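FYI, it's all coordinate maths here, none of it is from the lab. Here the structure is a predicted model, which is why all the values come from computation and not from measurement. Using ideal geometry, Cβ is built from the backbone for each residue, glycine included, and neighbour counts are taken over all protein chains shown.
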Amino acid sequence: MKTVADYIRTIADFPHEGIMFRDVTTLFADPRGFRMAIDQMLHPYAGLRIDKVVGLEARGFILGGAIAHQLSIGFVPIRKKGKLPGRTISQDYKLEYGDAIVELHDDAIQPGEKVLLVDDLLATGGTAEAGIKLVERLGGEIISCAFIVDLPELGGRKKLTEMGMDVHALCALDGH
């Protein structure tokens, strides 16, 4: 029987030399693999109150939309700077290979809402940390952070747990 990790393709030296890129598009393209991933991502939250799912650009949109649909709740995108049309709040952060800024509509999360943050991959945790800070600035409460892949060597899980976050990942893969 296949696991979620079996559906993930590894591409060496992308986007630059020394990086082992974990490509989840092969997982998304397979109906059984995709269903398995969504079901497993939902499992830890059975019976919990969740008001919104927040997805980090871009693959977090695919996962977050599917999870929100399954839970019959709203989905909120956190996007790269300049991509949202309304009034936004922004947060800068560091990536493995650079700096970036993400934004959230300033009315997307209401104070007291319980939020599940989702993305495909947890590396250094920089993007997730920025997303958490945005949600919290609007008064939302992150109940958990869910990922398909954790890259433990890069320390993202440690960073998020030190922030007091509950973190779930469907698999852990070696490398960068």
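In table form, for the structure just shown:
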{"item": "Per-residue Cβ neighbour rank within 10 angstrom, fewest leading, Leu56, Leu160, Leu170, Leu48", "result": "Leu48, Leu170, Leu160, Leu56"}
{"item": "Compactness of the range 61-129 as Cα Rg over 2.2 N^0.38 Å, two decimals", "result": "1.16"}
{"item": "Given 14 as the ceiling on other Cβ atoms within 10 Å, longest exposed-site-free region of the chain for trypsin sites (Lys or Arg not before Pro) in DSSP loops", "result": "88-176"}
{"item": "The chain: antiparallel DSSP beta bridges as a percent of all, rounded to 5", "result": "40 percent"}
{"item": "Calculated from backbone phi, Karplus (6.51, -1.76, 1.60) coupling profile of the range 83-92 in Hz, x at Gly/Pro", "result": "9, 9, x, x, 5, 10, 10, 10, 8, 8"}
{"item": "Charge dipole magnitude, Cβ of K and R +1, D and E -1 - the chain, Cα centre, debye nearest 20", "result": "380 debye"}
{"item": "Where Cα atoms sit under 20 Å apart: lysine pairs in the chain separated by 8 or more or lying on different chains", "result": "15"}
{"item": "Kirkwood Rh (inverse of mean 1/r, distinct Cα pairs), the chain, angstrom", "result": "16.3 Å"}
